[in-house]
1. Within the range A:123-135, is even one residue on the phi > 0 side of the Ramachandran plot and either surrounded by 12 or more Cβ atoms within 10 Å (Cβ to Cβ) or touching a strand residue (DSSP E or B) at 6+ places or on another chain (Cβ under 9 Å) (or both)?
2. Name the one entry in A:Lys43, A:Lys77 that is under 19 Å from the mean Cα position of the chain (by Cα) and not polar (S, T, N, Q).
3. Within the range A:67-85, is there a residue that is surrounded by fewer than 19 Cβ atoms within 10 Å (Cβ to Cβ), of a type outside the set (A, V, I, L, M, F, W, C) and within 23 Å of B:Arg40 (Cβ to Cβ)?
4. Being under 23 Å from B:Thr36 (Cα atoms) and touching a residue at least 60 places away in the same chain (Cβ under 8 Å) is the requirement here; does A:Asp125 meet it?
5. If you go through the range B:140-150 one residue at a time, do you hit one that is over 20 Å from A:Met128 (Cβ atoms), buried (at least 17 other Cβ atoms within 10 Å of the Cβ) and more than 14 Å from chain A (Cβ to nearest Cβ)?
6. Just to be sure before I move on: is A:Val44 away from chain B (no Cβ under 11 Å), under 24 Å from A:Lys152 (Cα atoms), touching an Asp or Glu at 6+ places or on another chain (Cβ under 6 Å) and of a type in the set (A, V, I, L, M, F, W, C) in the structure I sent?
7. Evaluate the range B:46-65: report whether one residue or more is surrounded by 11 or more Cβ atoms within 10 Å (Cβ to Cβ), within 13 Å of another protein chain (Cβ to nearest Cβ) and at pLDDT below 80.
8. May I ask you to list the residues in the range B:84-112 that are in contact (Cβ under 8 Å) with a residue 40 or more places away in the chain and within 14 Å of chain A (Cβ to nearest Cβ)?
Amino acid sequence: MAKIRKDEKREMPALSTSSLPDIIFMLLFFFMAVTSMKEVTFKVSIKAPEATELQKLENKSLVRYIYVGKPTPEFQKAYGSETRIQLSDAFADVKDLENYIVSERSAMKENDQSSLTVSIKADKDTHMGIITDIKQALRRAYALKISYAAVKRTTY
Amino acid sequence: MGNKRKVSEINSSSMADISFLLLIFFLVTTSMNVSTGLSRRLPAPLQPNQKPEDIDIKKRNIFIVKVNSLNQLQVQGELMDVRKLKDKAKEFIQNEANDPNLPEKTMVNIDLLGNVEITKDHVISLQNDVDTQYQAYIEVQNELVAAYNELRNEFSMQKFGKKYDELPEREQMAIQQVYPQKISEAEPKNYGGIKNGKN
(Lines give C-alpha, C1' and ligand atoms only; values in the text may rest on other atoms or scores of the structure.)
Protein backbone atom coordinates (compact mmCIF):
# COMPACT_ATOMS: atom_id res chain seq x y z
CA MET A 1 0.00 0.00 0.00
CA ALA A 2 1.22 3.36 -0.82
CA LYS A 3 1.54 5.44 2.16
CA ILE A 4 0.92 9.10 2.04
CA ARG A 5 3.35 10.81 4.20
CA LYS A 6 2.32 14.24 5.02
CA ASP A 7 4.49 14.94 7.91
CA GLU A 8 7.68 14.90 5.96
CA LYS A 9 8.40 18.41 4.79
CA ARG A 10 9.17 18.56 1.13
CA GLU A 11 10.68 21.74 0.02
CA MET A 12 9.20 23.39 -3.02
CA PRO A 13 11.99 24.23 -5.42
CA ALA A 14 12.33 27.88 -6.18
CA LEU A 15 10.50 28.77 -9.36
CA SER A 16 13.02 29.67 -11.94
CA THR A 17 12.32 33.10 -13.33
CA SER A 18 15.20 33.13 -15.73
CA SER A 19 12.88 32.69 -18.72
CA LEU A 20 10.65 35.54 -17.68
CA PRO A 21 12.62 38.17 -19.61
CA ASP A 22 12.39 36.02 -22.70
CA ILE A 23 8.64 35.77 -22.42
CA ILE A 24 8.33 39.47 -21.87
CA PHE A 25 10.62 40.19 -24.77
CA MET A 26 8.49 38.03 -26.97
CA LEU A 27 5.41 40.00 -25.99
CA LEU A 28 7.34 43.18 -26.44
CA PHE A 29 8.36 42.30 -29.95
CA PHE A 30 4.80 41.37 -30.78
CA PHE A 31 3.52 44.74 -29.70
CA MET A 32 6.37 46.53 -31.38
CA ALA A 33 5.53 44.81 -34.62
CA VAL A 34 1.81 45.50 -34.57
CA THR A 35 2.03 48.95 -33.14
CA SER A 36 1.53 51.97 -35.24
CA MET A 37 2.14 55.22 -33.57
CA LYS A 38 -0.35 57.91 -34.21
CA GLU A 39 0.69 59.20 -37.60
CA VAL A 40 -0.40 62.76 -37.27
CA THR A 41 -1.54 65.20 -34.69
CA PHE A 42 -5.01 66.26 -35.54
CA LYS A 43 -5.46 69.91 -36.14
CA VAL A 44 -9.06 69.45 -37.07
CA SER A 45 -11.67 67.79 -34.94
CA ILE A 46 -13.30 64.82 -36.56
CA LYS A 47 -16.29 62.85 -35.50
CA ALA A 48 -16.56 60.12 -38.06
CA PRO A 49 -19.95 59.45 -39.61
CA GLU A 50 -21.65 56.16 -38.88
CA ALA A 51 -22.39 53.39 -41.31
CA THR A 52 -22.95 49.66 -41.39
CA GLU A 53 -21.43 48.32 -44.59
CA LEU A 54 -17.85 48.93 -43.60
CA GLN A 55 -14.81 47.50 -45.23
CA LYS A 56 -11.41 47.34 -43.63
CA LEU A 57 -8.58 49.20 -45.22
CA GLU A 58 -6.15 46.40 -45.74
CA ASN A 59 -2.70 47.67 -46.44
CA LYS A 60 -1.84 50.67 -44.36
CA SER A 61 1.21 51.62 -46.35
CA LEU A 62 -0.98 52.12 -49.40
CA VAL A 63 -3.42 54.44 -47.69
CA ARG A 64 -3.14 58.21 -47.55
CA TYR A 65 -5.48 60.23 -45.42
CA ILE A 66 -7.24 63.49 -45.96
CA TYR A 67 -8.69 65.02 -42.85
CA VAL A 68 -11.59 67.39 -43.15
CA GLY A 69 -13.18 69.22 -40.27
CA LYS A 70 -13.29 72.31 -38.19
CA PRO A 71 -9.98 73.37 -36.61
CA THR A 72 -9.53 72.34 -33.01
CA PRO A 73 -9.95 75.15 -30.43
CA GLU A 74 -6.25 75.98 -30.22
CA PHE A 75 -6.08 76.55 -33.97
CA GLN A 76 -9.34 78.38 -34.30
CA LYS A 77 -7.72 81.70 -33.52
CA ALA A 78 -5.30 81.40 -36.37
CA TYR A 79 -7.40 79.52 -38.86
CA GLY A 80 -10.98 80.41 -38.04
CA SER A 81 -13.78 77.99 -37.42
CA GLU A 82 -14.58 77.17 -41.00
CA THR A 83 -14.10 73.63 -42.23
CA ARG A 84 -10.51 73.05 -43.27
CA ILE A 85 -8.50 70.31 -44.89
CA GLN A 86 -5.49 68.79 -43.19
CA LEU A 87 -2.91 66.87 -45.17
CA SER A 88 -0.38 64.94 -43.10
CA ASP A 89 0.62 67.55 -40.53
CA ALA A 90 -0.49 70.85 -41.96
CA PHE A 91 -3.55 72.69 -43.05
CA ALA A 92 -3.97 72.70 -46.77
CA ASP A 93 -6.20 73.92 -49.49
CA VAL A 94 -8.10 71.96 -52.09
CA LYS A 95 -5.68 73.12 -54.74
CA ASP A 96 -2.73 71.62 -52.82
CA LEU A 97 -4.39 68.26 -52.87
CA GLU A 98 -3.47 67.29 -56.37
CA ASN A 99 0.21 67.99 -55.78
CA TYR A 100 0.12 66.16 -52.49
CA ILE A 101 -1.32 63.02 -54.04
CA VAL A 102 1.07 63.13 -56.95
CA SER A 103 4.11 63.52 -54.72
CA GLU A 104 2.91 60.86 -52.30
CA ARG A 105 2.34 58.52 -55.15
CA SER A 106 5.72 59.09 -56.71
CA ALA A 107 7.30 58.35 -53.35
CA MET A 108 5.74 54.92 -53.37
CA LYS A 109 7.12 51.81 -54.98
CA GLU A 110 6.26 51.59 -58.60
CA ASN A 111 4.07 48.54 -58.46
CA ASP A 112 2.20 49.88 -55.45
CA GLN A 113 1.36 53.14 -57.10
CA SER A 114 -1.77 51.92 -58.78
CA SER A 115 -3.22 50.61 -55.55
CA LEU A 116 -2.96 53.87 -53.68
CA THR A 117 -6.11 54.38 -51.67
CA VAL A 118 -7.17 57.72 -50.33
CA SER A 119 -9.19 57.68 -47.18
CA ILE A 120 -11.31 60.74 -46.62
CA LYS A 121 -11.74 61.28 -42.92
CA ALA A 122 -14.31 63.95 -42.62
CA ASP A 123 -16.38 65.22 -39.78
CA LYS A 124 -19.99 64.20 -40.04
CA ASP A 125 -21.22 67.78 -40.05
CA THR A 126 -19.10 68.76 -43.00
CA HIS A 127 -20.97 70.16 -45.94
CA MET A 128 -20.74 68.18 -49.13
CA GLY A 129 -19.41 71.12 -51.12
CA ILE A 130 -15.88 70.65 -49.83
CA ILE A 131 -16.09 66.87 -50.17
CA THR A 132 -17.14 67.26 -53.78
CA ASP A 133 -14.20 69.58 -54.38
CA ILE A 134 -11.88 66.99 -52.85
CA LYS A 135 -13.36 64.26 -54.97
CA GLN A 136 -12.88 66.31 -58.10
CA ALA A 137 -9.27 67.02 -57.14
CA LEU A 138 -8.68 63.33 -56.51
CA ARG A 139 -10.12 62.50 -59.87
CA ARG A 140 -7.79 64.94 -61.53
CA ALA A 141 -4.88 63.35 -59.67
CA TYR A 142 -6.04 59.92 -60.80
CA ALA A 143 -6.43 58.74 -57.23
CA LEU A 144 -9.61 56.89 -57.97
CA LYS A 145 -9.68 54.44 -55.13
CA ILE A 146 -11.17 56.21 -52.21
CA SER A 147 -12.71 55.26 -48.94
CA TYR A 148 -15.05 57.33 -46.85
CA ALA A 149 -13.89 56.70 -43.31
CA ALA A 150 -16.74 55.79 -41.03
CA VAL A 151 -17.34 53.93 -37.82
CA LYS A 152 -19.72 51.11 -37.07
CA ARG A 153 -23.21 52.27 -36.33
CA THR A 154 -24.51 50.93 -33.08
CA THR A 155 -28.01 52.36 -33.05
CA TYR A 156 -30.29 53.27 -35.86
CA MET B 1 40.62 27.85 -9.13
CA GLY B 2 42.10 30.20 -6.69
CA ASN B 3 44.37 31.89 -9.23
CA LYS B 4 41.81 32.43 -11.89
CA ARG B 5 39.86 35.53 -11.58
CA LYS B 6 36.25 34.80 -11.39
CA VAL B 7 34.07 36.98 -13.52
CA SER B 8 31.13 37.70 -11.40
CA GLU B 9 27.87 37.00 -13.13
CA ILE B 10 25.92 40.01 -14.21
CA ASN B 11 22.79 40.21 -12.26
CA SER B 12 20.04 39.98 -14.80
CA SER B 13 17.12 40.11 -12.48
CA SER B 14 16.30 43.65 -13.53
CA MET B 15 16.11 42.59 -17.13
CA ALA B 16 12.54 41.54 -16.61
CA ASP B 17 11.69 44.94 -15.19
CA ILE B 18 13.24 46.76 -18.09
CA SER B 19 11.43 44.69 -20.62
CA PHE B 20 8.20 45.09 -18.69
CA LEU B 21 8.64 48.80 -18.89
CA LEU B 22 9.11 48.65 -22.64
CA LEU B 23 6.22 46.28 -22.98
CA ILE B 24 3.91 48.61 -21.13
CA PHE B 25 5.06 51.53 -23.23
CA PHE B 26 4.18 49.73 -26.43
CA LEU B 27 0.94 48.46 -24.99
CA VAL B 28 -0.13 51.99 -24.29
CA THR B 29 0.96 53.50 -27.60
CA THR B 30 -0.34 50.67 -29.72
CA SER B 31 -3.50 51.17 -31.63
CA MET B 32 -4.86 47.97 -32.98
CA ASN B 33 -7.94 49.54 -34.46
CA VAL B 34 -7.96 49.23 -38.21
CA SER B 35 -9.46 52.06 -40.09
CA THR B 36 -12.72 51.18 -41.73
CA GLY B 37 -14.77 52.93 -44.30
CA LEU B 38 -16.94 52.72 -47.36
CA SER B 39 -14.79 51.97 -50.35
CA ARG B 40 -15.75 53.59 -53.58
CA ARG B 41 -14.21 54.11 -56.94
CA LEU B 42 -14.28 57.47 -58.61
CA PRO B 43 -14.76 57.77 -62.34
CA ALA B 44 -11.73 58.76 -64.37
CA PRO B 45 -11.33 62.49 -64.91
CA LEU B 46 -12.77 64.12 -67.96
CA GLN B 47 -10.32 65.18 -70.62
CA PRO B 48 -9.95 68.96 -70.72
CA ASN B 49 -11.68 69.28 -74.05
CA GLN B 50 -14.33 66.73 -73.21
CA LYS B 51 -17.67 67.99 -72.15
CA PRO B 52 -19.59 66.23 -69.42
CA GLU B 53 -21.60 64.11 -71.74
CA ASP B 54 -25.15 63.17 -71.18
CA ILE B 55 -24.98 59.52 -71.93
CA ASP B 56 -28.22 58.35 -73.32
CA ILE B 57 -29.60 56.12 -70.63
CA LYS B 58 -33.10 54.87 -70.91
CA LYS B 59 -35.28 56.34 -68.28
CA ARG B 60 -36.21 52.97 -66.88
CA ASN B 61 -32.57 52.13 -66.29
CA ILE B 62 -31.75 55.04 -64.10
CA PHE B 63 -32.48 55.38 -60.42
CA ILE B 64 -32.08 58.92 -59.25
CA VAL B 65 -31.35 59.62 -55.63
CA LYS B 66 -31.06 63.24 -54.63
CA VAL B 67 -30.14 64.63 -51.26
CA ASN B 68 -30.90 68.28 -50.75
CA SER B 69 -29.43 70.86 -48.43
CA LEU B 70 -31.88 69.90 -45.69
CA ASN B 71 -30.74 66.30 -45.94
CA GLN B 72 -34.06 65.26 -47.41
CA LEU B 73 -34.05 62.39 -49.79
CA GLN B 74 -35.75 62.32 -53.12
CA VAL B 75 -35.85 58.95 -54.81
CA GLN B 76 -37.25 58.74 -58.32
CA GLY B 77 -39.05 62.00 -57.79
CA GLU B 78 -40.65 61.27 -54.46
CA LEU B 79 -39.61 62.11 -50.95
CA MET B 80 -38.44 59.12 -49.03
CA ASP B 81 -37.05 58.15 -45.68
CA VAL B 82 -33.49 56.86 -45.81
CA ARG B 83 -34.56 53.63 -44.14
CA LYS B 84 -36.77 52.72 -47.07
CA LEU B 85 -34.07 53.43 -49.61
CA LYS B 86 -32.45 50.01 -49.35
CA ASP B 87 -35.57 48.08 -50.25
CA LYS B 88 -36.43 50.47 -53.03
CA ALA B 89 -32.92 50.14 -54.44
CA LYS B 90 -33.02 46.37 -54.19
CA GLU B 91 -36.32 46.28 -56.02
CA PHE B 92 -34.81 48.47 -58.71
CA ILE B 93 -31.57 46.53 -59.14
CA GLN B 94 -33.22 43.16 -59.13
CA ASN B 95 -36.41 43.84 -61.07
CA GLU B 96 -37.73 40.46 -60.15
CA ALA B 97 -41.10 40.73 -61.85
CA ASN B 98 -39.66 42.16 -65.05
CA ASP B 99 -41.59 45.36 -64.55
CA PRO B 100 -41.44 47.59 -67.65
CA ASN B 101 -40.74 50.60 -65.41
CA LEU B 102 -37.71 48.98 -63.83
CA PRO B 103 -34.41 48.33 -65.63
CA GLU B 104 -34.44 45.97 -68.54
CA LYS B 105 -33.04 42.51 -68.13
CA THR B 106 -30.57 40.90 -70.44
CA MET B 107 -29.54 37.31 -70.64
CA VAL B 108 -25.85 37.03 -69.94
CA ASN B 109 -23.66 33.98 -69.84
CA ILE B 110 -21.49 34.01 -66.75
CA ASP B 111 -19.09 31.18 -66.08
CA LEU B 112 -19.92 29.12 -63.03
CA LEU B 113 -23.49 30.32 -63.20
CA GLY B 114 -24.56 29.80 -66.79
CA ASN B 115 -27.22 32.01 -68.30
CA VAL B 116 -28.51 34.59 -65.89
CA GLU B 117 -30.91 37.41 -66.54
CA ILE B 118 -29.42 40.54 -65.11
CA THR B 119 -30.19 44.22 -65.18
CA LYS B 120 -26.98 45.01 -66.94
CA ASP B 121 -27.56 48.64 -67.78
CA HIS B 122 -28.97 49.93 -64.55
CA VAL B 123 -27.38 52.98 -63.02
CA ILE B 124 -27.94 54.51 -59.64
CA SER B 125 -27.32 58.19 -59.86
CA LEU B 126 -26.55 59.91 -56.62
CA GLN B 127 -26.76 63.67 -56.56
CA ASN B 128 -26.20 65.92 -53.64
CA ASP B 129 -26.36 69.57 -52.82
CA VAL B 130 -23.39 71.67 -51.77
CA ASP B 131 -24.90 72.03 -48.32
CA THR B 132 -25.80 68.41 -47.78
CA GLN B 133 -24.45 67.13 -44.52
CA TYR B 134 -21.70 64.54 -44.86
CA GLN B 135 -23.42 62.14 -42.48
CA ALA B 136 -26.56 62.18 -44.63
CA TYR B 137 -24.51 61.50 -47.72
CA ILE B 138 -22.72 58.59 -46.06
CA GLU B 139 -26.03 57.17 -44.93
CA VAL B 140 -27.32 57.17 -48.47
CA GLN B 141 -24.13 55.61 -49.78
CA ASN B 142 -24.34 53.07 -47.02
CA GLU B 143 -27.90 52.08 -47.86
CA LEU B 144 -27.04 51.69 -51.52
CA VAL B 145 -24.04 49.51 -50.73
CA ALA B 146 -26.20 47.57 -48.30
CA ALA B 147 -28.73 46.95 -51.07
CA TYR B 148 -26.03 45.47 -53.28
CA ASN B 149 -24.56 43.43 -50.45
CA GLU B 150 -27.92 41.97 -49.55
CA LEU B 151 -28.69 41.08 -53.12
CA ARG B 152 -25.31 39.42 -53.51
CA ASN B 153 -25.79 37.54 -50.28
CA GLU B 154 -29.24 36.35 -51.25
CA PHE B 155 -28.02 35.24 -54.63
CA SER B 156 -25.05 33.39 -53.23
CA MET B 157 -27.16 31.68 -50.58
CA GLN B 158 -29.48 30.52 -53.31
CA LYS B 159 -26.76 29.33 -55.68
CA PHE B 160 -23.96 28.20 -53.44
CA GLY B 161 -25.61 27.92 -50.06
CA LYS B 162 -23.02 30.19 -48.49
CA LYS B 163 -22.71 33.81 -47.68
CA TYR B 164 -21.04 36.01 -50.24
CA ASP B 165 -18.10 36.77 -47.98
CA GLU B 166 -17.36 33.10 -47.47
CA LEU B 167 -17.18 32.25 -51.14
CA PRO B 168 -13.91 31.70 -52.96
CA GLU B 169 -12.77 34.56 -55.11
CA ARG B 170 -13.89 33.06 -58.41
CA GLU B 171 -17.44 32.68 -57.25
CA GLN B 172 -17.43 36.16 -55.79
CA MET B 173 -16.37 37.49 -59.16
CA ALA B 174 -19.25 35.66 -60.81
CA ILE B 175 -21.73 37.18 -58.41
CA GLN B 176 -20.20 40.58 -58.89
CA GLN B 177 -21.06 40.18 -62.54
CA VAL B 178 -24.65 39.42 -61.68
CA TYR B 179 -24.94 42.44 -59.42
CA PRO B 180 -22.32 44.95 -60.50
CA GLN B 181 -22.13 48.01 -58.31
CA LYS B 182 -23.12 50.93 -60.44
CA ILE B 183 -23.39 53.96 -58.30
CA SER B 184 -22.63 57.03 -60.29
CA GLU B 185 -21.80 60.18 -58.48
CA ALA B 186 -22.70 62.72 -61.05
CA GLU B 187 -20.58 65.67 -62.00
CA PRO B 188 -21.17 68.27 -59.33
CA LYS B 189 -23.86 70.75 -60.05
CA ASN B 190 -24.98 73.61 -57.98
CA TYR B 191 -28.52 73.37 -56.96
CA GLY B 192 -29.84 76.29 -55.09
CA GLY B 193 -31.20 75.55 -51.66
CA ILE B 194 -34.24 73.36 -51.56
CA LYS B 195 -35.06 73.97 -55.16
CA ASN B 196 -34.27 70.63 -56.69
CA GLY B 197 -34.87 71.51 -60.24
CA LYS B 198 -33.90 69.85 -63.47
CA ASN B 199 -30.84 67.69 -63.52
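The values are calculated or read from the model by the stated rules, or taken from the named source; none is laboratory data. In this text the structure is predicted, and so the values were computed from the model without any measurement. Note that each Cβ is placed from the backbone with ideal geometry, even for glycine, and that neighbours are counted across all protein chains shown.
1. Kept after step one, since they are on the phi > 0 side of the Ramachandran plot, are these residues of the range A:123-135: none.
Scanning the range A:123-135, I find no residue that is on the phi > 0 side of the Ramachandran plot and either surrounded by 12 or more Cβ atoms within 10 Å (Cβ to Cβ) or touching a strand residue (DSSP E or B) at 6+ places or on another chain (Cβ under 9 Å) (or both), so the answer is no.
2. Values: A:Lys77 fails: under 19 Å from the mean Cα position of the chain (by Cα).
None of the other options fit; the residue is A:Lys43.
3. First, the residues of the range A:67-85 that are surrounded by fewer than 19 Cβ atoms within 10 Å (Cβ to Cβ): A:72-82.
Among the residues that remain, those that are also of a type outside the set (A, V, I, L, M, F, W, C) are: A:72-74, A:76-77, A:79-82.
From what is left, the residues that are within 23 Å of B:Arg40 (Cβ to Cβ) are none.
No.
4. Numbers: under 23 Å from B:Thr36 (Cα atoms): yes; touching a residue at least 60 places away in the same chain (Cβ under 8 Å): yes.
Considered against the rule, which asks whether it is under 23 Å from B:Thr36 (Cα atoms) and touching a residue at least 60 places away in the same chain (Cβ under 8 Å), A:Asp125 comes out as yes.
5. There is no residue in the range B:140-150 that is over 20 Å from A:Met128 (Cβ atoms), buried (at least 17 other Cβ atoms within 10 Å of the Cβ) and more than 14 Å from chain A (Cβ to nearest Cβ).
6. Numbers: away from chain B (no Cβ under 11 Å): yes; under 24 Å from A:Lys152 (Cα atoms): yes; touching an Asp or Glu at 6+ places or on another chain (Cβ under 6 Å): no; of a type in the set (A, V, I, L, M, F, W, C): yes.
Answer is no for this residue.
7. Yes, the range B:46-65 has at least one match.
8. B:Leu85, B:Lys86, B:Ala89, B:Lys90
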